[in-house]
Amino acid sequence: MGEPFDCAKCSESLYGRKYIQTDSGPYCVPCYDNTFANTCAECQQLIGHDSRELFYEDRHFHEGCFRCCRCQRSLADEPFTCQDSELLCNDCYCSAFSSQCSACGETVMPGSRKLEYGGQTWHEQCFLCSGCEQPLGSRSFVPDKGAHYCVPCYENKFAPRCARCSKTLTQGGVTYRDQPWHRECLVCTGCETPLAGQQFTSRDDDPYCVACFGELFAPRCSSCKRPITGLGGGKYVSFEDRHWHHSCFSCARCSTSLVGQGFVPDGDQVLCQSCSQAAP
């Protein structure tokens, strides 16, 4: 009679039966599965020795149980994602959790390069300037009524243009005759002195500094011969074709101011009433 050859678990003879040899001895198939097999996390049944077993994050699955929890597609040889302990194929994950590109309407796949702005998402290659249609990428842009423009296109389309050089004003600037000007473009027509922040006047729509306007166009004081511009609150007196600064309009003999007073012309001079009645 031969040596006994029994299952290490149930002690039943293994002669003529299928068994599995382990380091602790031979096991009949039922005892081996009950002792060593893992439980499937999906169906809660043992994963038998003759079944293909899949393992993910401390969980064991039958091959047929390792599937997308939404569409039931097998994930054995497919890329997948785990969301809140649920296994999802890429298509279901993207449908449920990924954004749609605001430009092309396609799914923005996880891990792909994307841009987000104002609660919307774009593929990087779909986020284009509404002017030149070039990708904006990490470049600065300006939103306008649902459109997005790179800075050069926005300035070219919307920024005001200088009345003198016709180039766009990106910042600052001054207004003259209800038109925008670069500060450096608003200069005196005569001497080209910058006029921004300075007192100036105009003639035939051309701007002039006070000095140039006086030299070129203002009447001359009959007394001091300097220009009478009338700017800055400067007052003057006119009589026939002659003009005087207020400070210069005085009696030629006694120097009494004649502003608001009666006077008598005497050739090229003006006299107060008293001096005109006195003996020469």
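The values are calculated or read from the model by the stated rules, or taken from the named source; none is laboratory data. Values in this document were obtained by computation on a predicted structure and should not be read as measured data. With ideal geometry, Cβ positions are generated from the backbone for all residues, glycine too; neighbour counts draw on all protein chains shown. What goes into the accessible areas is simple: the full protein's heavy atoms, side chains included, and nothing from ligands, DNA or RNA. Shrake-Rupley method; radii C 1.70, N 1.55, O 1.52, S 1.80 Å.
Split the accessible area of the range 1-156 by element, probe 1.4 Å, and carbon with sulfur accounts for 45%.
Which net charge results for the neighbourhood of TYR117, defined as the other residues with beta-carbon distances under 15 angstrom from its beta-carbon, given Lys and Arg at +1 and Asp and Glu at -1?
Details: positive: ARG113, LYS114, ARG139, LYS145; negative: GLU116, GLU124, ASP144.
Spelling it out: positives minus negatives among the neighbours equals +1.
Would you calculate a helix-derived [θ] at 222 nm for the chain, using -39,500 (n - 2.57) for each DSSP H run of n ≥ 4 and dividing by the full residue count, to the nearest 500? Provide the component values of the computation, followed by the final result.
Numbers: 5 runs with 36 residues, N = 280.
-3500 deg cm²/dmol, from helical runs alone.
Which FRET efficiency value, to the nearest 0.05, is calculated for ALA163 and ARG139 with the Förster distance at 30 angstrom and r the Cβ-Cβ distance? Walk me through the numbers on the way to the answer.
Working: r = 30 Å, r/R0 = 1.00.
Plugging the Cβ-Cβ distance into 1/(1 + (r/R0)^6) gives 0.50.
Solvent-accessible surface of the range 57-134, taken per residue with a 1.4 Å probe and all protein chains present: 61 Å². Extent of the range 134-205 along its three principal axes (Cα atoms, max minus min coordinate, largest first): 48, 20, 17 Å.
Answer with a single label: of [x] 29, 23, 20; [y] 35, 21, 19; [z] 108, 17, 12, which was calculated as semi-axes √(5λ) of the Cα gyration tensor in Å from the structure in view? Of the labelled values, this structure produces [z].
When the GluC sites (Glu not before Pro) in the range 98-158 are filtered for DSSP coil states and for at most 13 other beta-carbon atoms within 10 Å of their beta-carbon, the remaining sites are GLU106, GLU133. In the context of the full protein assembly, CYS272 retains an accessible surface of approximately 20 Å², using a probe radius of 1.4 Å and ignoring ligands and nucleic acids.
Largest GNM mean-square fluctuation across CYS104, CYS132, CYS224, computed for the chain with C-alpha springs under 10 Å, falls on CYS224.
DSSP loop chymotrypsin sites (Phe, Trp or Tyr not before Pro) in the range 9-99 with at most 12 other Cβ atoms within 10 Å of their Cβ, which ones? Sites meeting the loop and neighbour criteria: TYR15. Taking all Cα pairs closer than 8 Å and separated by 6 or more residues, the relative contact order of the chain comes to 5 percent.
Each of ASN156, HIS123, SER51 was placed along the dipole of the chain (beta-carbon charges, centred on the mean Cα), and the one lying farthest toward the positive end is ASN156. Loop-located trypsin sites (Lys or Arg not before Pro) across the range 147-246 with a Cβ neighbour count of 13 or fewer within 10 Å are LYS167, ARG177, LYS225, LYS235, with loop assigned by DSSP. Each Lys or Arg adds one and each Asp or Glu subtracts one; over the other residues with Cβ under 11 Å from the Cβ of ALA37, this totals -3. Take the alpha carbon gyration tensor of the range 1-83, find the square roots of its eigenvalues, order them as a ≥ b ≥ c, and report rounded if a/c is under 1.5; if not, report prolate when a/b exceeds b/c, else oblate. Since a/c reaches 1.5 and a/b is larger than b/c, the shape of the range 1-83 is classed as prolate.
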